[in-house]
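Written out below as structure tokens is the structure these notes cover.
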Amino acid sequence: MTVPGDENPIAKRLASHDLAVYSADWCPDCTRLKALLSRERIPHRVVDVDADPAAADRLVRETGKRAIPFILVDGRVWVRGYHREVGGRLNPALLLKELGEAIDGPMKEKRP
């Protein structure tokens, strides 16, 4: 249980940013990512690439990838929402670091 004031400082900073999670219902990595964001109380919205072909096209056009999940931060910076190189395919600390860099750094995809 998270006690007010004990939140991750990056998570607190992310609250003022628009995080769009590009995902699909059938995707287990997407489920893990959305659960993490909810658990960390990080506001986000879900963009279902199966229901929105234009969103799927944007993902491919801007990232060069069809893989999901991806997080679009403030409509400008793409962050990969999975870590295929680690067990469990999602490293919460690494993801929060990457999201923090996305709101502070240059406008490009952040990768580990």
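Would you say D74 is under 24 Å from A15 (Cβ atoms), surrounded by fewer than 17 Cβ atoms within 10 Å (Cβ to Cβ) and at pLDDT 95 or above? Give the steps one after another, and end with the answer.
Details: under 24 Å from A15 (Cβ atoms): yes; surrounded by fewer than 17 Cβ atoms within 10 Å (Cβ to Cβ): yes; at pLDDT 95 or above: yes.
Spelling it out, D74 is indeed under 24 Å from A15 (Cβ atoms), surrounded by fewer than 17 Cβ atoms within 10 Å (Cβ to Cβ) and at pLDDT 95 or above.
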For I42, are the conditions met, namely being over 17 Å from I103 (Cα atoms), β-branched (V, I, T) and in contact (Cβ under 8 Å) with a residue 12 or more places away in the chain? no
Could you pull out the residue among A93, A56 that is surrounded by 11 or more Cβ atoms within 10 Å (Cβ to Cβ) and among the hydrophobic types (A, V, I, L, M, F, W, C)? A56
Within the range 76-90, of all residues that are within 12 Å of the chain's Cα centre (by Cα) and not hydrophobic (A, V, I, L, M, F, W, C), the one farthest from A24 (Cα to Cα) is H83
Can you run down the residue pairs with Cβ atoms below 6 Å, 6 or more apart or on separate chains, where the first is in the range 48-67 and without any contact (Cβ under 8 Å) to a residue 60 or more places away in the chain and the partner is in a helix (DSSP H, G or I)? V49/A55; V49/A56; R66/V60
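The values are calculated or read from the model by the stated rules, or taken from the named source; none is laboratory data. Values in this document were obtained by computation on a predicted structure and should not be read as measured data. All Cβ positions, glycine included, derive from the backbone under ideal geometry; neighbour counts span all protein chains shown.
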